[in-house]
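In what follows, a structure is listed as structure tokens, so that the remarks can point back to it.
The values are calculated or read from the model by the stated rules, or taken from the named source; none is laboratory data. Owing to the predicted nature of the structure, the values given are computational and were not obtained by experimental measurement. Ideal geometry is used to build each Cβ from the backbone, glycine not excepted, and the neighbour counts take in all protein chains shown. For the accessible areas, the whole protein counts, side chains as well, though only heavy atoms, and no ligand, DNA or RNA atoms are used. Shrake-Rupley method; radii C 1.70, N 1.55, O 1.52, S 1.80 Å.
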Amino acid sequence: MANDAETPFPFISFIAAGGNKKFTPYTVVGKITMDGTGGTPKATNGIEQCQWSPKTGKFYLNIPEVNGPGDDSAAGAVLVIDPKTMKIEKTFNISHDACAGPQGMAIGPDNQILLGCNGASGDGKHSTVIINEHSGAIIAVLHNESGADEVWFNEGDGQYFLARSAADGPNQLLGVVDAKGHREDQSVPIARSHTLNAHSVAADPHQNQVYVPIPGANAAFPAGVSTVCSSVGGSDTQGCIAVFTTPHDDRSRVAHEREADEHQE
């Protein structure tokens, strides 16, 4: 569990699972504070999305900025954490030129981890990246895909989905990236920029539907921040959960590409 906004430094907590015989169920059994001591990074702009990989059995945690001024102008990192020892096993330093402010994280196929990079990359290309979950090496740099908060991999159609609430331009976007080709398939406008953020996304691998919560109205934006809800009969002022789907379902291709140890139905 990420305690991302704690002061003076954020920390993560380990909670015992219900079937764990070593610890009392549902109690805090460990903690790592990201203060720059004891092998931890000094997290100067919080901590962000984490994931568990069924292939490695490790937790991965995004650190948007290490030892910087607090605005993602310094490079971030990804931590590899062993859930058994509750210790940091590796630190992957992430190139600031390719990925400023790694926030979103999605475990993909073929040892891929997509990092949703929130800030404008140091090279000015507004990139996000896919890294190798074993080495941290950058597999692909995806230009014009930054601004992501939450991201998701849908194993049903082999696509990454990025909630790009801080995208460069007039609109917040739902980014769609092909996991095999490492290329953008489409970016869909979901709300106006510089308003309330549409920054979460999730997908159903069986229906191949993608869900994006769209904020409604507040005093600053009384008509709402998007026209997505009203375009299908909903209310922009109330907000909605927008459901997206694809007209072309390539399940057979994705099933063939999955590794042998991955669950298939």
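Can you tell me which of 109-116, 25-32, 135-142 comes out highest on packing, and rank the rest after it, using the mean Cβ neighbours within 10 Å?
Most protected by this proxy first, the peptides run 109-116, 135-142, 25-32.
Residue by residue through region 66-77, which ³J(HN,Hα) values in whole Hz follow from phi under the Karplus form 6.51 cos²θ - 1.76 cosθ + 1.60 (θ = phi - 60°), with glycine and proline marked x?
Couplings: 10, 6, x, x, x, 10, 6, 8, 10, 5, x, 8 Hz.
Quick check for me: using +1 on Lys/Arg Cβ and -1 on Asp/Glu Cβ, what's the dipole size of the chain about its Cα centre, in debye to the nearest 20?
So the magnitude is around 640 debye.
Return the long-range amide H neighbours of Lys90 (sequence gap of 5 or more, or a different chain), with a cut-off of under 5 Å between placed amide H atoms.
Val80
Placing one identical point scatterer on every Cα of region 73-200 and ignoring solvent, what is log10 I(q)/I(0) from the Debye formula at q = 0.09, 0.11, 0.13 Å⁻¹?
With no solvent term, the Cα-only Debye profile gives -0.23, -0.35, -0.48.
Nearest 0.05, what FRET efficiency do Val232 and His182 give at R0 = 30 Å with Cβ-Cβ as r?
Taking R0 as 30 Å, the efficiency between Val232 and His182 is 0.45.
Which is farthest toward the positive dipole end of the chain among Pro64, Ile130, Gly108, measuring Cα position about the Cα centre, with Cβ charges +1 (Lys, Arg) and -1 (Asp, Glu)?
Result: Pro64.
Using the charge dipole of region 87-223 (Lys, Arg: +1 at Cβ; Asp, Glu: -1 at Cβ; taken about the Cα centre), state which of Asn208, Ala220, Val176 has its Cα farthest towards the positive end.
Most positive-ward Cα: Ala220.
Sequence-distant or interchain residues sharing an amide H contact under 5 Å with Ala191, placed H: which?
Those qualifying (amide H under 5 Å, at least 5 residues apart or on another chain) are Gln172.
With every protein chain present, what accessible area does Met1 have (1.4 Å probe, heavy atoms only), rounded to the nearest 10 Å²?
130 Å²
Quick one: grab Rg to one decimal and Dmax as a whole number for region 1-128, Cα atoms only, in Å.
14.9, 51
FRET efficiency for Thr27 and Tyr211, Cβ-Cβ distance as r, R0 = 25 Å, nearest 0.05?
0.20
List every residue whose amide H lies under 5 Å from the amide H of Ala98, counting only residues 5 or more places away in sequence or on a different chain, with H placed 1.01 Å from N in the peptide plane.
Correct list: Gly122.
Compare Ile241, Ile130, Ile63 in a GNM of the chain, Cα atoms joined below 10 Å, and give the one with the largest fluctuation.
Of Ile241, Ile130, Ile63, the most mobile in the Gaussian network model is Ile241.
Per 0.36 nm of contour for each residue apart, how much would the distance between Trp52 and Asp35 grow if the chain were fully extended, relative to their Cα-Cα spacing?
Stretched fully, the Trp52-Asp35 segment lengthens by 3.9 nm.
Please go through the residue pairs Lys90/Lys125; Lys42/Lys87; Lys31/Lys84; Lys31/Lys58; Lys58/Lys125; Lys21/Lys84 and name each one whose alpha carbons sit more than 23 Å apart in this structure.
Lys90/Lys125; Lys58/Lys125
Using the Cα centre as the reference, give the magnitude of the dipole from point charges on the C-beta atoms of region 168-221 (Lys, Arg: +1; Asp, Glu: -1; all else neutral), rounded to the nearest 20 debye.
80 debye
If I take R0 = 45 Å and measure r between the Cβ atoms of Thr246 and Met86 in this structure, what FRET efficiency does the formula 1/(1 + (r/R0)^6) give, to the nearest 0.05?
0.70
Once the chain is represented by equal point scatterers at the alpha-carbon sites, with solvent omitted, what log10 I(q)/I(0) does the Debye formula produce at q = 0.08 Å⁻¹?
-0.33
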